[in-house]
Amino acid sequence: QVQLVESGGGLVQPGGSLRLSCAASQSIFSINTMAWYRQTPGKERELVASVTSRSTTNYADSVKGRFTISRDNAKNTVYLQMNSLKSDDTAVYYCKGIINAFGMVHDYWGQGTQVTVSS
């Protein structure tokens, strides 16, 4: 039902910056929470950052001070600004929308975008 399209991934050197975008097929204001996850082979998917419809943000300890999640309601887009990138940030990054309605939680995932931090 809800479609999420990610973009902005690529190859960047350590210490560099990258901005990921997640465009939603409907108003993100109607989505309770938008979040970014990341995953590397052999590891479980990890929550990186989230933002609610009331602009409450949350970050993983490993990215605090370096990453910033933001929301542009007019463009139905959520961003993840990544600064001071490290090799440990290399992963596939996924956008997730969470809708809580009628006592049930519905999750929607983007296709993922590869971020590689390497010299």
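Matching residues to (1) free of Cβ contacts under 8 Å to residues at least 12 places away in the same chain; (2) open to solvent by 40 Å² or more (accessible area, probe 1.4 Å):
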| residue | (1), (2) |
| --- | --- |
| Tyr79 | no, no |
| Met82 | no, no |
| Ala91 | no, no |
| Cys95 | no, no |
| Met104 | yes, yes |
| Asp107 | yes, yes |
| Gly110 | no, no |
| Thr113 | no, no |
| Ser118 | no, yes |
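What do you reckon, is Arg19 basic (Lys, Arg), out of contact with any His (no Cβ under 8 Å at 6 or more places or on another chain) and under 20 Å from Tyr108 (Cβ atoms)?
So Arg19 does not fit the description; no.
Among (1) within 23 Å of Lys86 (Cα to Cα); (2) out of contact with any helix residue (DSSP H, G or I) (no Cβ under 9 Å at 6 or more places or on another chain); (3) open to solvent by 50 Å² or more (accessible area, probe 1.4 Å); (4) modelled with pLDDT of 95 or more, there is one condition Pro14 misses while meeting the rest; what is its number?
(2)
Of all residues in segment 18-41 being of a type in the set (S, T, N, Q) and more than 27 Å from Thr90 (Cα to Cα), which is surrounded by the most Cβ atoms within 10 Å (Cβ to Cβ)?
For segment 18-41, the residue satisfying everything is Asn32.
The values are calculated or read from the model by the stated rules, or taken from the named source; none is laboratory data. Bear in mind that the values here come from a model prediction, so they are computed numbers and not experimental data. Neighbour counts are summed over all protein chains in view; Cβ atoms, including those assigned to glycine, are modelled from backbone coordinates with ideal geometry. Side chains are part of the model used for accessible areas, which takes the heavy atoms of the whole protein and leaves out ligands, DNA and RNA. Shrake-Rupley method; radii C 1.70, N 1.55, O 1.52, S 1.80 Å.
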